[in-house]
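Bear in mind these aren't lab numbers, they're just calculated from the coordinates by the rules spelled out. Predicted model only: the values in this text are computed from it and were never measured. Here Cβ is always computed from backbone atoms with ideal geometry, including for glycine, and neighbour counts include all displayed protein chains.
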Amino acid sequence: MRFKATALALLMTVSMVSMAAAPAAATQQADGEAYSGANIEFQTTGNAVADYAVDGDVIVENVTVQSASEADSGVDAGLESTTDIDAAGLEIDSQARASATISSESGAEMEAHDNQRGVMQVRADGESQVVNVNVSGEAESESDERVVVTKDDGSQGTFIVVGDGEVVVNDEGEVNSELEQGSELVYRQYDGERSDDDEETEKMIANGTATAEVYVQQSAESGQETAVEAIEYGEDTSVEVTSSAENEVNMTVERTQSEGKVVLTTVSEEAFENAGDIEVYVDGNAAAQADSYSAVEQSAMEGDQPRYYVSQSSSAEATTDVAIGIDHFSARNVQMTSEDESTATEDGSTATEGDSTDEQSPADSQGDGAGFGALAALAALASALVAVRHR
């Protein structure tokens, strides 16, 4: 009996350790399913996504959807007056390494991305959809395409309409959105107050200038590998990450249309040692560095040449945002790279680039190279002749 009890206790301990070490996963709950990743957590409750948190901070308390045809009776008076919809059932349909897909019986699809901003997309794929969101904080409309939610601690999140539709704050302080078929509602959360650069990024997503977004961060599973996730806004742009390593990411960006667009990237300092000095290459050629988002947007739309803009995060996120304007398409190969500022010296110490004490020309540093022996012999012979003359 003592052996059986010991074995049972050991089995329970191993099971608990395994659960704690498991990567992002969906688990069955009594009233739905729960998802827990490195950055985001949420649960489903039969017909809603509840308690959507990014790094433990909940702004989105409840998200429900319904097809516009089924919800028509509830929105006849307008989105601002709509306080309740007969929500459709939903469930976690699939999950990848850094995302989870939630399917709704109304034909909508939600995708939650396990990255620093916890991006969530609600797509009206099959037909037009109505979305209702209960938020933890004060919601304020900035336009028909954007609503900002601010919590008491100052942290903010933004809802953005991509495509045809609108998003409003209703009479109860909730967020309502109506999306035409093929459009989507995007949610982005910040760990503090949005910056001016964040607002510029949101505008580019809303107006269709930025059609894809890539997040580069350290893998939560290994703690060392670089993890890259691509988010696509709309169906005409695709991003494939072909390789990633420390301080370097390579990807192929394709579009079904030839006009230029912007690809947004967010790079963590853990994945890139010197993220502020990132360089961008498009099809093997160095892109020009711009001094603003508007310059990147202009270069993409006017198709003059690829440009990129680097923006350091002003919050505690420890990230760098890079907007890459690609002047035209079909398939373009994009490389982001950053070199370490310090280089090793012969004695094992480090010196930053530009230190003159350790910089040598190739001839100075190659003492045993071709011609060195002959030069040494000539120098020795000259010294001997001088010595003989003085004698």
**Asked** For q = 0.13, 0.14, 0.22, 0.24 Å⁻¹, what log10 I(q)/I(0) does the range 68-155 give under the Debye formula with an equal point scatterer on each alpha carbon and no solvent?
**Response** -0.55, -0.64, -1.27, -1.31
**Prompt:** What percent do you get for the relative contact order of the range 106-257 when only Cα pairs under 8 Å and 6+ apart count?
**Reply:** 18 percent
**Asked** Which of the peptides 188-198, 153-163 is most tightly packed, and how do the rest follow, judged by the mean count of other Cβ atoms within 10 Å per residue?
**Response** 153-163, 188-198
**Prompt:** ³J(HN,Hα) across the range 121-131 via Karplus (A = 6.51, B = -1.76, C = 1.60, θ = phi - 60°), whole Hz, x for Gly/Pro?
**Reply:** 10, 10, 9, 8, 7, x, 7, 4, 10, 10, 10
**Request:** Starting from one equal scatterer on each C-alpha and no solvent at all, send me the Debye-based log10 I(q)/I(0) for the range 186-260 at q = 0.23 Å⁻¹, two decimals.
**Result:** -1.14
**Prompt:** Within the range 147-185, which GluC sites (Glu not before Pro) sit in a loop by DSSP and count at most 16 neighbouring Cβ atoms inside 10 Å?
**Reply:** GLU172, GLU180
**Message:** Checking the a/c ratio against 1.5 first, then a/b against b/c, what shape does the Cα gyration tensor give for the range 104-162?
**Reply:** prolate
**Message:** Let's test the formula: R0 of 22 Å, r as the Cβ-Cβ distance of GLN305 and GLU235. What FRET efficiency results, to the nearest 0.05?
**Reply:** 0.25
**Prompt:** Long-range amide H contacts for GLN181: which residues qualify at under 5 Å (H placed 1.01 Å from N, peptide plane, sequence gap of 5 or more or a different chain)?
**Reply:** SER128
**Request:** Would you mind putting 116-124, 262-270, 138-146, 42-50 in packing order, based on average other-beta-carbon counts within 10 Å, highest first?
**Result:** 116-124, 262-270, 42-50, 138-146
